[in-house]
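See structure below.
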Amino acid sequence: MNTAISWQSRPVFVTSTFRDFQAERDHLHRFVFTELEERLKARYHYLEPIDLRWGVDTAAAGEEETRQRLVLKVCLAEIERSRPFLIALIGDRYGWVPPLERIRAAAEEAGHRGALEGTSVTALEIEYGVLDNPAQCARSRFYLREPLPYAEMAAASAALYSEGYSTEPGAATAAMRLAALKARIRTEQRGRWRTYRAEWDGARRCVTGLDAWGRQVLEDLWSDLAAETAAWAVAAPITWQAQEARLLEQLIALKCRDFVGREGLLGTLVRHATDPAVGCGDGLEPTPEGAWGICVTGPAGAGKTALFSRLHRLLSAQEVVLLAHAAGASQRAGRLEDLMRRWIGELAAALGLPDPAPDLTEREALQDTFARLLGQTAAGRRVVCLLDALDQLEATPAAQQLTWLPRLWPSNARLIATAIPCVASAALLAHPGVGEQALPRLDDGEAGALADRLCRRYHKTLPEPVRAALLAKTRVDGSSAAGLPLWLALAVEELLLLDADDFARARTLPGATAGERMRALLCAEAASFPPEIDALYGRLLKRAEQVHGRAWTRAFVELTALGRAGWRESDLKVLLPQVSGQAWDDLAFAALRRTLRAHLVQRGEQAQWDFAHGQLRAAVLARNLDDPARRRALHTRLADHLEGVSAEDPLRHTERMYHLIHADDRARVAAYSAGLTRPSPELTGAMRTLGEHLLAGEGATANGHLHWALGLLDLPGQAPARSGALCNRYLFDLRDALQQEARVELRLGLFEGVRDVLRRLAAAAPEQVAWRRDLAVSHNLVGDLRRARGDLHEAERAYRAELQISELLVAADPGNAEFRRDLALNHERLGDVRRARGDLDGAERAYRASLAIRERLVAVDPSDAQWQRDRAVGHERVGDVRQARGDLDGAERAYWAELAIGEHLAAADPRNAQWQRDRAVGHDRLGDLQQARGDLDGAERAYRASLAILERLVAIDPGQAHRQRDLAVSHNKVGDILRARGDLDGAEQAYRASLAIADRLVAADPGNAEWQRDLAVSHDRVGDVRQARGDPNGAERAHRASLAIRERLAAADPRNTEWQRDHAVSHNRLGDVRQAIGDLPGALASFHAALAQVQALAGVDPSNYQWRIDLWEGYWRIADVLERTREPAASMYWAKAQRVLADLGGVMPALPEADRRILERLGKTLGTE
């Protein structure tokens, strides 16, 4: 539904004679109107200044009489449009007096009936707009300039500014009429007129000294406008989410204001967002096309944010739940975590639930919650996610690779994102169901319409020759410069910023009339514009330097360009004087800021001034800061500044490290990092910034940023104590910063580098226990990462090195329980990697060594629950390895020991859900063991004991989804036992209990792939038992339900080989049922579908044993059906099965007894009866 705030416009008409008030008009535009714009924006209003210095385009009007009448008509029409606000500037000139018949025709057409003979255009505007309309009197302001020092001025200048010094015919009469007009204003407009004093600059021949007058005009106008807009005043947001929503709304309103064109693309996007989903009962059925996302791509400046904003307006009027986010809208907007928190809160509100986001601290929990709430909302209503500027999200793998998106996107939800072609857009387009839509450049018609709208904002008309000059600009690649909305907006803004100097130049250009000379000026300016955006930004910066001073302007834009998200005014008060060499001036800063207002935004809770578009930052860096040494010097100054602010300052927490890094001040980075205390917000922020620096180098073949960071550990002349402290920061604080974001290769390179430095430090100072312990930690981290990469040999080497250090630490301090617990964990990790390598003897030795240490720790303090739990884990590991070795009795003793500890802990604290769950897991292990021994009664007792515990846990807290899943698995285990015992009724009852739980979990979180997979398994189990009971139709229904789920999973992620294999297994199960009921064609179709999938898997990795078995099974299943139907092709498939089996070494894989005929048939084929 449409919840957008309706923005209003407030026009302000400026009337005066022209040539003698150029300075005042320039001052209004540069200083007064810019401040009013900011104030009105907070009240959802636009300011529309109307200044007709461009004149009125009369090129098509023909004769002089017609042109003059058109000028008068337009002036009066603009006054009518601008009501209720008008500013009149009156000096000592009366102005142009048109012929009576022409002014009368225009006045009568506008409804004005006053005396007109001898009336100037300026006087007519004042009389028509205010004096003859009493309702307007309270909404108009008059500023009467005191006489300039005419006697001291050059004669030509004095004549230009005063009728009393003019030599033109009728000057005396004009002076009398002017005096009468002033007298009438003073009489009729009491409290609405003021006089002001200005200065005269004889060298430049212009009016100056307008600052005090400008401040007075500002406050006068604001007092009127504030009263008119009071109803739109909105209280400041009380939460960061509300602040972000307000900033987004302001961005959307500003971008929509002048939007034109792209109608075809918008129609496509709206249809994509709103077309009804087909069969979305569980929120996961695919649309007919299977498309759920569109990524709109285009170069910088192509108008992607404007398109996003216009699309937001269109979709706000639809019956959808609309989630919108623009990564460039604020400082926080680029943070992925804040994006997810906002959308979680909005989804919860749509569901009528409390916002769960404040209680979520881990990235994974945020991702899971977002996926769950998105699925729940989409189950009942269409959800549309609009995401602008993917490329401006933080430079982390989760943000750039979009791993935070649900793995299963609900069918009743749509995603539309915009981005420049980048890593993030490529990652999104790699998702099945996401298509790319290139954002076309504006065609000439759209570009012309946009230019016209930008001019109409200021009540100006763009002459046709000027429009043609803009549209004729071509870029280096041959494309139209005006096809990029950003370039066109900059070009039009340059025309709108023409000032007194430009208008003076216009008088020197060829042309019979003032209007023709103005058109010539505009055409010349348009023709001079460079066709590239950065060069056009250069013109804008040059103009700002001319108005506000080179040093002041350059200092501001350079500081802003080097800041990641701009600077607060309090920062700039310190920095600008340092960099510019000029004292701080509030007014000078405000004036510069307002000149650049269209290109600046305030970001975040700290209200930092930053560039609105990354193109301007790039332009400043290229134009002003192309010298690397100067860049580094400015970064150093910024780091110095942040060092001097309060230690509690949030900007210092992240940005001081950023600027030290970019100053390449390695010694200070090392000293700063090593000297921070733990825990502290500054340490967390600094390490996060350093981590972002490392992540930014991940795309390169060799990560130079990582090399730089490791170099800090061993700087020449650096004290060993500082190197050791820095190693500790990397191992713990930097590791935390990188944990969820960095790839394995980056973390491995970091920890191996730290390990090498610690080896040298520990060798040089063996007495430093802290360094040796950190060295052990580095070996541990290297081992974990090597193991994650599948490099078990190197992982074992790392764990051995860690173990050696831990043994030395324990030998040196036998009473240190923490060292002994570390040693137990070392043995356990070593056992895990040995077991993974198949070294069961070595694994058991390691596990028993770990268990022995834990037994001794518990003997010292039996009340320590954590040590007791560690001891239980030790027994579990021993049991696992004994079972793997076939020693079921030894495994049983270990599992009973584990269970006894669990029972003891649970009895000591019955309310501890973790202890209770440990008990249930212990019973499950015993049940698995008893089942492996063939003791079905013992297995059933164990499984039912586990089931009873889990039922109690679920009853205590039904909302815990993972406990519900544990209970479903427990029901399945009981069902398996009952089925093995022939109790098919009991088995089906257990399976259906599990199915009911899985159904509830999926309904609550349709996007959770784990729940979906569980549901498919439950359907398969029900199908198996229905088939065993002689109900093939019921079996087929169940297996079809399972197949439908697995088809969706496989389609959602074609790269997930586990899901692809599940899909093949489901086809085989359905084929088995069809074969059992005699539907051999149906069975053959299912087996062929399964074979196609396993062939694809085997092609990906021919060495995968399980996939080769699946391939073998696929061939003989098809061969069996073909043989039953006496098809000649059966022999070909038997031969294929034989070849696969031969590749496997001729070892016949195990098959159920029901398939003995297949064994016999294959045996004959192989000649091994």
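Just so it is clear, none of the values below were taken in a lab; they were calculated from the coordinates. These numbers were taken from a predicted model, which means no experiment stands behind them. Here the Cβ is made from the backbone with ideal geometry for all residues, glycine too, and neighbour counts use every protein chain on show.
A few comments on the model shown:
- Cα gyration tensor shape for the stretch 381-532, rounded if a/c is under 1.5, else prolate or oblate: prolate
- Spatial separation of Cα centroids for the stretch 421-480 and the stretch 306-320, in angstrom: 20 Å
- Ordering Tyr458, Tyr161 by the number of other Cβ atoms within 10 Å of each residue's own Cβ, fewest first, gives Tyr458, Tyr161.
- Overall dimensions of the stretch 534-650 by Cα: Rg and Dmax, Å: 13.4, 41
- D_trans [Stokes-Einstein, Kirkwood Rh over alpha-carbon pairs] for the stretch 862-943, 10 °C, 1.306 mPa s, µm² s⁻¹: 125 µm²/s
- Binning all Cα-Cα separations of the stretch 651-894 at 10 Å, short to long from zero, yields these whole-percent fractions: 7, 27, 30, 22, 11, 3, 0.
- Cα centroid separation, the stretch 754-790 to the stretch 1047-1090 (Å): 50 Å
- Only Cα pairs under 8 Å and 6+ residues apart enter the sum, and on that basis the relative contact order of the chain stands at 7 percent.
- Exposure proxy order (Cβ contacts within 10 Å, fewest to most) of Leu429, Leu726: Leu429, Leu726
- Descending principal axes extents, the stretch 909-1047, alpha-carbon based, whole Å: 49, 38, 20
- Placing unit charges on the Cβ atoms of the charged side chains and taking the dipole of the stretch 651-894 about its Cα centre, the candidate lying farthest along the positive direction among Ala671, Ala765, Val777 is Ala765.
- Identified option (computed semi-axes √(5λ) of the Cα gyration tensor in Å; candidates (i) 52, 45, 27; (ii) 75, 38, 26; (iii) 62, 40, 26): (ii)
- The C-alpha atoms of the chain define a longest principal axis, and helix 840-860 lies at about 80 degrees to it.
- Computed per residue of the chain from DSSP H runs no shorter than four, each worth -39500 (n - 2.57), the mean residue ellipticity at 222 nm is -20000 deg cm²/dmol.
- Among beta bridges that DSSP assigns inside the chain, antiparallel share in %, nearest 5: 20 percent
- Overall shape: oblate for the stretch 609-650, with the ratio a/c of the largest to smallest alpha carbon gyration tensor axis at 1.5 or above and b/c at least equal to a/b.
- Neighbour-limited loop hits for trypsin sites (Lys or Arg not before Pro), the stretch 1047-1140 (at most 12 other Cβ within 10 Å; DSSP other than H, G, I, E, B): Arg1055, Arg1126
- This ranking places Arg797, Arg177 by how few other beta-carbon atoms lie within 10 Å of each, fewest first, which gives Arg797, Arg177.
- For the stretch 244-440, average projected area of the Cα convex hull in nm²: 10.3 nm²
- Spatial separation of Cα centroids for the stretch 595-646 and the stretch 693-732, in angstrom: 26 Å
- The stretch 786-903 shape via C-alpha gyration tensor axes, a/c threshold 1.5: oblate
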